[in-house]
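Written out below as structure tokens is the structure these notes cover.
The values are calculated or read from the model by the stated rules, or taken from the named source; none is laboratory data. Only a predicted model underlies this, so the values are computations on that prediction, with no experimental measurement involved. Cβ atoms come from the backbone with ideal geometry, glycine included; neighbour counts cover every protein chain shown.
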Amino acid sequence: MPRALLALAIGAFGIGTTEFVVMGMLPEVADDLGVSVSAVGMLISAYAIGVVLGAPTLTALGVRFAPRQTLIALMVVFVVGNALSALAPTYETLAAARVLTALAHGSFFGVGAVAARRLVTPDRATRAISLMIVGLTVANVIGVPLGTYVAQQSSWRLVLGGIAVIGLVTIAGLLAWLPRDVGERGDLRAELAAFRRSQVWLVLGVTMIGFAAMFAVYSYVSPILTELGGIPTPWVTPVLALFGIGTTVGTLAGGRIGDRYGMSFVAVGMVAQAVILVAFAFLARTPVAAVALLVLFGTVGFAIGPVVQNGVIEAARVRGGSLVSAANQGAFNVANALGAALGALVLSAGLGYTAPMWVGAVLAVLGAGIAVLARAAGRRADDATAAGPPAAVEPVGTAV
């Protein structure tokens, strides 16, 4: 695999670490700035808002530039945002700096996915995307725990400053390894026209509905493990580390399988998730079974991720595809919010901690159905392309 994929993975590692590490530094940041823990918790929402705003906006602005230029510019924004966060004298300036940092998040993954698949031959496109995304999963296994430890032993500012350095390393890697001719400047009008395709919306629907299944359960994983599984609180962190390892393995495996089976694999994977969640609901009170099923759930869920990301780019059928790719990152955030909200709804109704699992199972089945429709739409589009005159766009997945 090209070394440029390592640079993209390092960037994904930095982004994943800065997104989630704040959750582990809430008390330290609150004490330093003289605010409540709940106020610092709002920084998580501020970051999410930045992702939603930045993904379409910065990607649209970057369409006129080559992917290499756009990715480097996004990393500059990321470095500046983390540096300002590390130096922030007040809560308000920290909140603003976090939003600035988040602006680069969705666009980096969106444009990065397009660049990754162009570094390889079409039959390895999903695998290339998975190698970039694996940086995000490794962040949850290594970056976030390490950052939390450093914040507890030294300073949360040192953590964010270190993440800024990771951004600089990413920039150096992109300059050294990412070819200038990976992709070309796109056409914003053509990128927007891709949203007229029903297949694009179906794939985005897979993300919004299907991946909500994961967040419906994972958002409440700690009380599920302790209240239902009887697992001692100190053991929750090691279990989540196992979950992170599972997501890393799943991402890498999904990249290989997805290149061969595409949306068919997504449909089967989501049905498998539904089955796992049903088993989880019945076996959650057995600690060993609960941990095993949780890790398997994460492995299967993240195996689907790179396949869907590649699928939405293919569905666009335009030169580039960075805008729909970034839109899929926004769809992940919608899935996060939807899954967590539905999980909260059934919990507030007093249905117990197995209820989010049943919600997740239903969402996974719905996601599988949408994946089947997306696969059928893709086949119809392929048949129409084969029957009609040659289109004035490059073949989807062509490597440069």
For the stretch 271-291, state whether one or more residues are within 19 Å of the chain's Cα centre (by Cα), assigned to a helix (DSSP H, G or I) and modelled with pLDDT under 95. no
Which listed residue, of Glu191, Glu227, is among the charged types (D, E, K, R) and crowded, with 18+ Cβ neighbours inside 10 Å: Glu191
Residues that are at pLDDT below 95 and among the β-branched types (Val, Ile, Thr), drawn from the stretch 171-202: Val182, Val200
Odd one out for Val150, checked against (1) without any contact (Cβ under 8 Å) to a residue 60 or more places away in the chain; (2) in the same structural domain as Leu342 (by TED's automatic domain parsing); (3) among the β-branched types (Val, Ile, Thr): (2)
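For every residue, the table says whether it meets (1) part of a helix (DSSP H, G or I); (2) crowded, with 20+ Cβ neighbours inside 10 Å; (3) in the same structural domain as Gly321 (by TED's automatic domain parsing).
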site	(1), (2), (3)
Arg180	no, no, no
Ile231	no, no, yes
Ile245	yes, no, yes
Asp259	yes, yes, yes
In the stretch 237-262, which residues are under 18 Å from the mean Cα position of the chain (by Cα) and of a type in the set (A, V, I, L, M)? Leu240, Ala241, Ile245, Val249, Leu252, Ala253
Single match in Ala381, Ala368, Ala355 (criterion: touching a residue at least 40 places away in the same chain (Cβ under 8 Å) and farther than 12 Å from Leu202 by Cβ): Ala368
Consider the stretch 50-74. How many of its residues are in contact (Cβ under 8 Å) with a residue 40 or more places away in the chain, exposed (fewer than 15 other Cβ atoms within 10 Å of the Cβ) and assigned to a helix (DSSP H, G or I)? 1
Taking the stretch 317-368 and keeping only residues that are crowded, with 23+ Cβ neighbours inside 10 Å and on the phi > 0 side of the Ramachandran plot, one is left with Arg317, Gly320, Gly321
Checking the condition in contact with a helix residue (DSSP H, G or I) (Cβ under 7 Å, 6 or more places away or on another chain) and assigned to a helix (DSSP H, G or I), which residue from Val312, Val318 passes? Val312
Any chance the stretch 153-162 includes a residue that's buried (at least 21 other Cβ atoms within 10 Å of the Cβ) and either under 21 Å from the mean Cα position of the chain (by Cα) or not in a helix (DSSP H, G or I) (or both)? yes
Quickly run through the stretch 325-371 and pick out the residues that are in contact with a Gly (Cβ under 8 Å, 6 or more places away or on another chain) and among the β-branched types (Val, Ile, Thr). Val359, Ile370
Which residue is farthest from the chain's Cα centre (by Cα), if the candidates are limited to the stretch 191-217 and must be of a type in the set (Phe, Trp, Tyr) and in a helix (DSSP H, G or I)? Phe195
From Ala102, Ala97, Ala86, Ala115, residue being part of a helix (DSSP H, G or I), touching a Lys or Arg at 6+ places or on another chain (Cβ under 9 Å) and buried (at least 20 other Cβ atoms within 10 Å of the Cβ): Ala115
Of these, Gly62, Gly54, Gly50, which one is under 17 Å from the mean Cα position of the chain (by Cα) and more than 29 Å from Gly34 (Cα to Cα)? Gly54
Looking only at the stretch 302-316, filter to residues that are hydrophobic (A, V, I, L, M, F, W, C) and closer than 18 Å to Met132 by Cα; which one of those is surrounded by the most Cβ atoms within 10 Å (Cβ to Cβ)? Ile304
Would you confirm whether or not the stretch 216-223 contains a residue that is farther than 25 Å from Val307 by Cβ and touching a helix residue (DSSP H, G or I) at 6+ places or on another chain (Cβ under 7 Å)? yes
